[in-house]
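Read through the structure below, which is laid out as structure tokens, and then see the notes.
The values are calculated or read from the model by the stated rules, or taken from the named source; none is laboratory data. Just so we're clear, the structure is a prediction, and the values are computed from it rather than from any experiment. Cβ placement follows ideal geometry from the backbone for every residue including glycine, while neighbour counts extend to all protein chains displayed. Each accessible area value is taken on the protein alone, full model and side chains, heavy atoms only, with ligands, DNA and RNA left out. Shrake-Rupley method; radii C 1.70, N 1.55, O 1.52, S 1.80 Å.
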Amino acid sequence: MSDTFTQRLENVERRIAAACEKAGRSRDSVRLLAVSKTKPPEAVREAADCGLRLFGENRVQEAQSKIPMCPNGLEWHLIGHLQTNKAKVAARYFQMVHSVDSLKLLQALEAHAGTTLPILLQVNVSGEAAKFGMKPDEAATVIEAANQMQKCEVHGLMTIPPFSPDPEKTRTHFSALRQLRDRLQEETGTPLPELSMGMSHDLEVAIEEGSTWVRIGTDLFGERN
Ligand SMILES: *Cc1c(COP(=O)(O)O)cnc(C)c1O
């Protein structure tokens, strides 16, 4: 891509603002998570120089080598599938985990977290076989378990819908996640304010359906390396 990071960021920001406006939401109600996976520390530095502070990585091993080479003061979010045997390393490098997809993983994170660790439960609302994420009817049990824990705190839900070139096709999955969240809040009495949903090509639909975290890689950093 010949355009600069600044131009791409402005474009993403413009899209987020327009979607918030259309949905009657304040711009502050949506956070932009810059997904830097496959990109070098220099790309993160450039993004940080433009004022971005919230970064997402999907693999612990990559994060472990990259994060120490990045500017201080950034917040790192794990958005990819985590094996329980990597929970200890993950708890050291990440300030939030969007991709908790089992009770077993929650327990491993609780065992290794040094301090309060905000997490989101990744739910497979589409039922698509190939994707990670717990079943919707497993989430209540995991929330109840987290409510008994000292460090892990469930702040909401996350989903990765099956890819469709037409973002409108994804709307039902985003809306299903929001409705599940509403139901789980009722059922468990746990506030679940956060919904992590929406990527480069479907952030508008996600925001209209209530997203509070959009995870943007390609439209900020360009095609993946
Ligand atoms: C890579 C990735 C993203 C970013 O996807 P883009 O389409 O490049 O914006 C978002 N969420 C997760 C979980 C990812 O792995």
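For region 127-177, a residue qualifies if it is touching a helix residue (DSSP H, G or I) at 6+ places or on another chain (Cβ under 9 Å), within 14 Å of the ligand (Cβ to nearest atom) and among the small types (Gly, Ala, Ser), and exactly one does: SER164. The set of residues from region 108-142 being among the polar types (S, T, N, Q), more than 18 Å from the chain's Cα centre (by Cα) and under 21 Å from GLU187 (Cβ atoms) comprises just one member, THR141. Here is the figure for region 2-28: residues that are acidic (Asp, Glu) and over 16 Å from GLY222 (Cα atoms) total 2.
A search for C-beta distances below 9 Å between a residue of region 10-31 that is surrounded by 13 or more Cβ atoms within 10 Å (Cβ to Cβ) and any residue that is among the aromatic types (Phe, Trp, Tyr), counting only pairs 6+ apart in sequence or on different chains, returns VAL30/TRP213; ARG31/TRP213. When region 25-57 is examined, which residues are found to be among the acidic types (Asp, Glu), in contact with a helix residue (DSSP H, G or I) (Cβ under 7 Å, 6 or more places away or on another chain) and more than 13 Å from the ligand (Cβ to nearest atom)? Hit for region 25-57 is GLU46, nothing else.
Looking for something surrounded by 23 or more Cβ atoms within 10 Å (Cβ to Cβ) and either touching a residue at least 12 places away in the same chain (Cβ under 8 Å) or within 12 Å of the ligand (Cβ to nearest atom) (or both) - is there at least one such residue anywhere in region 179-190? Within region 179-190 (the criterion being surrounded by 23 or more Cβ atoms within 10 Å (Cβ to Cβ) and either touching a residue at least 12 places away in the same chain (Cβ under 8 Å) or within 12 Å of the ligand (Cβ to nearest atom) (or both)), the answer is no, since none of the residues qualifies.
Looking across region 191-225 at every residue that is within 16 Å of the ligand (Cβ to nearest atom) and on the phi > 0 side of the Ramachandran plot, the one that is nearest to the chain's Cα centre (by Cα) is identified as GLY198.
If a residue counts only when it is open to solvent by less than 50 Å² (accessible area, probe 1.4 Å) and on the phi > 0 side of the Ramachandran plot, which strands (runs of 3 or more DSSP E) contained entirely in region 63-163 have at least 1 such residues?
152-158
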